[in-house]
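*Asks:* Have a look at the structure that comes next, please.
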Amino acid sequence: TLFRSEQALQLSLKYHFVTPLTSMVVTKPEDDEKDEPLIVDKPKEDGSYSDTQHSNPQRIGYSDVQHSIPQFIDDSDLQQSIPRHIGYDDEGESTPTYSADYDPHFIIHVPEKNDSLCFNIDEEPGVVLNLVKDPLSGIAVNGQLIGDKKSSSGEKLSNSTYFGKIGISHKLMDLKIEVTPQKIIVRNGKRMTVFSWLETISMTQGSLTLMINKKKNMMLSTGDGAAFVIVLHQVWKKHPLHQDFLGFYTVDSHKFSEKSHGLLGQFFHGIDFEVSDIHPSSNPQKPDATMFVKNHKLTVTRGWQKDYQNDPKIGVIVPCWFVHFNGTGLIDGVHTDYIVPSLFSSV
């Protein structure tokens, strides 16, 4: 049904996902009637916000796309701004986020360490990567890579890749959702519904809730401890190099089973690591260190990535330990183990 406002409101507040349709006035209990109601900030119908730090979808120039190890910054200046927890479980406990955005950069929040781990995956356009799979819940998420534009002669101008399609499937609900920078396609059994990024929509069907925030992001909650945010990154249409792409964020994973896996899913139930011997590298702004993780001894580099789930234009800086060589030693196996045949492959 389009739309069940009460459920959408609860989810938007739970995951800090506010749209014109899910804005609301929150009143305090009756024993505190003298106080003014609390107003939840919301974007205007044209997509603008009253808060100046929110603005139009991202327009990417040549210098905006990061291709290298994340830059080092002083962590002490950032602790208040890092979005380490965005969702909450049934007991009100915060849950960490796990994301893949840009080229693509993977960020694993580790609340037990008050820190984050990050790595890149370098593969060719057209390759489909498994991000999340849980055989018990029947949920799988895959992302297909796209590259930058080619020259008029067909010459490859850049080795950068981004997610151009995200496929989310829920076997138990007979549900498949395909997200591209142009549209969102929802297939539920034999029924198919197509949405545009030019719309702001809240749709609820059973335990499934889909909210689209016009030209910015969309949130999907399956009602069983799984919630995802997909961010739309838009590029100037005549840009000679870049094209529109997507970012993927898991904002609630507390009910995924212990059998969860994938490039992000393998971290849903925590990861332990120790960092020692922090020392200067060839770049004085990016110190190296020794990390012990999963019985591996790795050389890692301190830097930062950005989280764009609430602000597709600017993002929020996330300090992290960067694991080189496609996450080797941090992820199980090697990165090619996560290549799957199609967007809706479940294994």
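*Asks:* Please list 3J(HN,Hα) in residue order for the range 150-165, calculated via the Karplus relation 6.51 cos²θ - 1.76 cosθ + 1.60 where θ = phi - 60°; whole Hz, with x for glycine and proline.
*Replies:* 9, 5, 4, 8, x, 6, 6, 9, 7, 9, 5, 10, 9, 7, x, 9
*Asks:* Still on this structure, I have one more. Let me check I've understood the local charge: for Val340, count other residues with C-beta under 13 angstrom from its C-beta, Lys and Arg +1, Asp and Glu -1. What total comes out?
*Replies:* On the way: positive: Lys133, Lys165; negative: Glu123, Asp337.
Residues close to Val340 contribute a combined charge of 0.
*Asks:* Please give me the summed charge of the neighbours of Lys294: other residues whose Cβ is under 12 Å from its Cβ, Lys and Arg +1, Asp and Glu -1.
*Replies:* Residues close to Lys294 contribute a combined charge of -2.
*Asks:* Taking only the C-alpha atoms, wrap a convex hull around the range 183-312 and report its volume per residue in Å³ as a whole number.
*Replies:* On the way: hull volume 22.4 nm³, N = 130.
For the range 183-312, the hull spanned by Cα atoms encloses 172 Å³ per residue.
*Asks:* Can you sort Lys237, Lys156 by solvent-accessible area, 1.4 Å probe, largest first?
*Replies:* On the way: Lys237 140, Lys156 95 Å².
Result of the area sort, largest leading: Lys237, Lys156.
*Asks:* Given a Förster radius of 22 Å and the C-beta distance between Ser342 and Ser196 as r, what FRET efficiency does 1/(1 + (r/R0)^6) yield to the nearest 0.05? Could the numbers behind the result be given before it?
*Replies:* Working: r = 24 Å, r/R0 = 1.10.
In this case the efficiency is close to 0.35.
*Asks:* Still on this model: With every protein chain kept in the model, how would you rank Asp174, Asp103 by accessible area, 1.4 Å probe, largest at the top?
*Replies:* Values: Asp174 95, Asp103 10 Å².
Ranked from most to least accessible, the order is Asp174, Asp103.
*Asks:* Tell me, what ³J(HN,Hα) does each residue in the range 229-242 have, in order and in whole Hz, if you take phi through Karplus 6.51 cos²θ - 1.76 cosθ + 1.60 with θ = phi - 60° and put x for Gly and Pro?
*Replies:* Ordered by residue, 3J(HN,Hα) equals 10, 10, 9, 8, 9, 9, 10, 3, 4, 9, 4, x, 10, 8 Hz.
*Asks:* Below 8 Å, C-alpha to C-alpha, sequence gap of six or more: please give me the relative contact order for the range 212-266 in percent. Intermediate results must be reported in sequence, preceding the final value.
*Replies:* Details: 72 pairs, mean separation 16.6, N = 55.
Computed over the range 212-266, the figure is 30 percent.
*Asks:* Something else: Using 19 Å as the cut-off for backbone N distance, which residues of the range 93-115 belong to the label zone defined by a point 7 Å from the Cα of Ile278 along Cα→Cβ?
*Replies:* The answer is 108-115, whose backbone nitrogens lie closer than 19 Å to the label point.
*Asks:* Continuing with this model, one more query. What does the charge count around Glu178 come to, taking other residues whose C-beta lies under 13 Å from its C-beta (Lys +1, Arg +1, Asp -1, Glu -1)?
*Replies:* Values: positive: Lys165, Lys176, Lys183, Arg187; negative: none.
That sum, taken over residues with Cβ under 13 Å, equals +4.
*Asks:* Accessible surface of Phe195 in the full protein assembly, 1.4 angstrom probe, to the nearest 10 Å²?
*Replies:* 10 Å²
*Asks:* With every protein chain present, what is the per residue accessible area of the range 95-168 (1.4 Å probe, Å²)? Don't skip to the answer; put the middle values down first.
*Replies:* Values: 2370 Å² over 74 residues.
Roughly 32 Å² per residue, with all protein chains present.
*Asks:* At a 1.4 Å probe radius, which order do Lys259, Lys294, Lys286 fall into by accessible area, largest first?
*Replies:* Numbers: Lys259 130, Lys294 70, Lys286 35 Å².
Ranking Lys259, Lys294, Lys286 by accessible area, largest first, yields Lys259, Lys294, Lys286.
*Asks:* Which whole-angstrom value gives the distance between the alpha carbon centres of the range 154-182 and the range 217-274?
*Replies:* Measuring centre to centre over Cα atoms gives 12 Å.
*Asks:* Extent of the range 99-215 along each principal axis, from alpha carbon coordinates, in Å, largest to smallest?
*Replies:* Between the extreme Cα coordinates on each principal axis of the range 99-215 lie 47, 44, 27 Å.
*Asks:* Taking only protein heavy atoms into account and a 1.4 Å probe, give the accessible area per residue of the range 173-319 in Å².
*Replies:* Working: 5970 Å² over 147 residues.
The answer is 41 Å² per residue.
*Asks:* Here is a follow-up. Can you send over the carbon and sulfur percentage of the accessible area for the range 183-255, probe radius 1.4 Å, protein chains only? Before the final figure, lay out each step's value.
*Replies:* On the way: 1370 of 2540 Å².
That fraction is 54 percent.
*Asks:* With each label point set 7 Å from Cα along the Cα-Cβ vector, what nm distance links Arg187 and Lys215?
*Replies:* Once both label points are built, they end up 3.1 nm from each other.
The values are calculated or read from the model by the stated rules, or taken from the named source; none is laboratory data. Note that the structure is a prediction, hence the values are computed from the model and not measured. Here the Cβ is made from the backbone with ideal geometry for all residues, glycine too, and neighbour counts use every protein chain on show. Remember, those area values only see protein heavy atoms, side chains included, never the ligands or the DNA or RNA. Shrake-Rupley method; radii C 1.70, N 1.55, O 1.52, S 1.80 Å.
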